[in-house]
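The values are calculated or read from the model by the stated rules, or taken from the named source; none is laboratory data. Just so we're clear, the structure is a prediction, and the values are computed from it rather than from any experiment. Cβ placement follows ideal geometry from the backbone for every residue including glycine, while neighbour counts extend to all protein chains displayed. Side chains included, ligands, DNA and RNA excluded: accessible areas come from the protein's heavy atoms. Shrake-Rupley method; radii C 1.70, N 1.55, O 1.52, S 1.80 Å.
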Amino acid sequence: MAESSAMYAVLDDGPYAGEQVRVDPDATGRPPRTIELADPGGDPRGYVLVGPHADADRWIYRRTRGDVDE
């Protein structure tokens, strides 16, 4: 079994905009469609895959529409 290579989510918005988080690829080796991260207060926030980044091992994620600060 081949070892999977590192893959990173680049967060497009939200409290961690511009940061990168390591993510595990799905069974086909693609980035996950969604990820969940805790915001600074500890509440879970969903992020959805938007598309590829300029770097081959990075993918852009944006907060899901329902996960906005009030």
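Ranking request for peptides 46-54, 20-28, 5-13: highest mean number of other beta-carbon atoms within 10 Å first, then the rest in descending order.
Answer by packing, highest mean first, reads 5-13, 46-54, 20-28.
With all protein chains present, how much of the accessible area of the chain (probe radius 1.4 Å) comes from carbon and sulfur, to the nearest whole percent?
For the chain, the apolar C and S fraction of the accessible surface comes to 47 percent.
What list of ³J(HN,Hα) values in whole Hz, one per residue of segment 51-60 in order, does the Karplus curve 6.51 cos²θ - 1.76 cosθ + 1.60 (θ = phi - 60°) give from phi, with Gly and Pro shown as x?
x, x, 8, 4, 8, 4, 9, 10, 10, 8
Just to confirm, what accessible area per residue do you get for the chain at 1.4 Å probe, in whole Å²?
71
Charges on Cβ only, +1 for Lys and Arg, -1 for Asp and Glu, centred on the Cα centroid of the chain; of 37, 52, 8, which one is farthest towards the dipole's positive end?
Going by the charge dipole, the pick is 52.
For segment 26-34, take each phi angle, set θ = phi - 60°, evaluate the Karplus expression 6.51 cos²θ - 1.76 cosθ + 1.60, and give the result in whole Hz per residue in order, putting x for glycine and proline.
Each residue of segment 26-34 in turn: 6, 4, 8, x, 8, x, x, 5, 9 Hz.
Under 5 Å between amide hydrogens, which residues at least 5 positions from residue 60 or on another chain qualify, with H placed 1.01 Å from N in the peptide plane?
Those qualifying (amide H under 5 Å, at least 5 residues apart or on another chain) are 10, 50, 51, 53.
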